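To start, the structure under review is shown below, and the notes come after it.
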Amino acid sequence: MNKSFDTYTDKYLKKYLFEEINANYRLGIFIGKFKPPHIGHFNTLMGILGEGENIFSTRYPQDIPECECDGAIVIISNKAKREDFNEDGVSLEVTPEISEDMWRLFVIDRPYRDKVTFTIDNPVLGAINILEQISQEGNYNGIPVDNLSVRLFVGEEEDEQGEIDMVATEKEMKRYDYILKNQSKMGFDGEDKVKVCVMARGGSATAVREKIARIAIDKMDLETLQENIPEHVDLSAFWHIASKAVLG
C-alpha cells in the first residue's frame with residue numbers, strides 16, 4: 001500500500017513540478033550565418049539563456065528579463081562562406097557543417113548544453129518552419145503552446161566605420177515581420193507571446209576567418225585565435241575543425 005502510495009505521489013509531484021517549471025517557458029530563436037561562430041556569438045547565446053553578462057542592446061527599448069529564455073534553437077545558415085586569399089594561394093570555405101561542429105564544441109561540456117538545439121536551414125524560413133511545426137503539434141518538447149513564449153533574436157549591424165548602423169539593424173528586424181504578423185495563426189495568442197530582442201554587437205566572423213587563414217599561411221601560433229573564441233574551448237580541438245575550412 002505504502003509503495004503504491006509513494007509511486008502515485010512521486011508521479012503526481014513530477015507532473016506538478018513539470019507543469020510549474022514550464023508554466024511560462026520562453027524559447028529563444030537565434031539565427032545567423034555563423035561563418036564561423038565566435039566569442040561574440042557565444043556570449044549572445046549565454047545572454048539569451050541568462051547564463052552570462054547582459055549583452056542586450058541599449059539602443060532599443062526592451063525588457064531585458066523578458067528577453068532571457070529557458071531554451072534556445074540556433075539556426076545556422078545553410079549557405080557556405082568562401083573567402084579567397086589569392087596572394088597566398090589559400091582560400092577558406094566555412095560550410096554549415098563546420099559551423100555546427102564549432103557551435104557544438106562551444107557547449108559540449110557546459111551545464112546548459114541540453115538547453116540548446118542546433119539546426120541548419122535558411123535562417124528566417126527555418127524559424128517560420130519551427131514555429132509552424134510547434135503549432136501543428138501543439139507543443140514544444142511536451143510544453144503546450146499556451147505555456148510557450150517565443151523570443152526572436154537579431155544582432156546590431158555595423159557600418160564600414162565600425163559604428164552601429166541603425167537602418168541596417170532595423171532592416172534585419174523586419175525579417176521577422178511575417179512571424180510577428182502571423183503569430184496568432186501559429187497558435188501564439190496573447191500579449192508578448194512573440195517578441196523581437198536586439199543583441200549588442202560583439203566580435204567579428206571576418207576577424208576569425210582572417211586569423212584562421214594567417215595561421216594556415218604563416219604557421220602562426222594557435223593562441224592568436226583565443227581572443228576570438230570562448231576561453232573554455234580547447235584550441236587544438238577548435239583548430240581541428242577550423243582547418244577543414246582551409247583550401248589550397
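The values are calculated or read from the model by the stated rules, or taken from the named source; none is laboratory data. All values derive from a computational prediction rather than experimental measurement. With ideal geometry, Cβ positions are generated from the backbone for all residues, glycine too; neighbour counts draw on all protein chains shown. What goes into the accessible areas is simple: the full protein's heavy atoms, side chains included, and nothing from ligands, DNA or RNA. Shrake-Rupley method; radii C 1.70, N 1.55, O 1.52, S 1.80 Å.
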Between (i) 20.5, 80; (ii) 20.1, 64; (iii) 21.0, 86, which matches Rg and Dmax of the Cα atoms in Å calculated for the structure shown? (i)
Measuring from label point to label point, each 7 Å out along Cα→Cβ, what is the residue 206 to residue 110 span in nm? 2.6
Stretched out fully, how many nm does the piece from residue 221 to residue 182 gain, at 0.36 nm a residue minus the Cα gap? 9.0 nm
Assigned charges on the beta-carbon of Lys, Arg, Asp, Glu; the range 164-248 dipole about Cα centre (debye): 440
Measure of exposure for residue 25: accessible area at 1.4 Å probe, Å² rounded to 10, is 30
With respect to the cross-link table entries 35/79; 79/244; 81/195; 171/195; 35/115, which display a Cα-Cα separation exceeding 18 Å? 81/195; 35/115
Listed residue (136, 123, 164) projecting farthest to the positive dipole end of the range 121-172, Cβ model: 136
Solitary cysteines of the chain, where the nearest other Cys Cβ is not under 4.7 Å: 69
Whole-Hz Karplus ³J(HN,Hα) for the range 199-206, in order, using 6.51 cos²θ - 1.76 cosθ + 1.60 and θ = phi - 60°, x for Gly and Pro? 9, 5, 6, x, x, 9, 5, 4
Hey, can you find the accessible area per residue of the chain for me, probe 1.4 Å, expressed in square angstrom? 54
Of all DSSP beta bridges located in the range 131-233, what percent are antiparallel, nearest 5? 35
Non-local amide H neighbours of residue 90 (under 5 Å, H modeled in plane, Pro and chain starts lacking H): which ones? 85
Dipole size in debye (nearest 20) for the chain around its Cα centre, Lys and Arg Cβ +1, Asp and Glu Cβ -1? 780
Accessible heavy-atom area order of 184, 91, highest first, probe of 1.4 Å: 184, 91
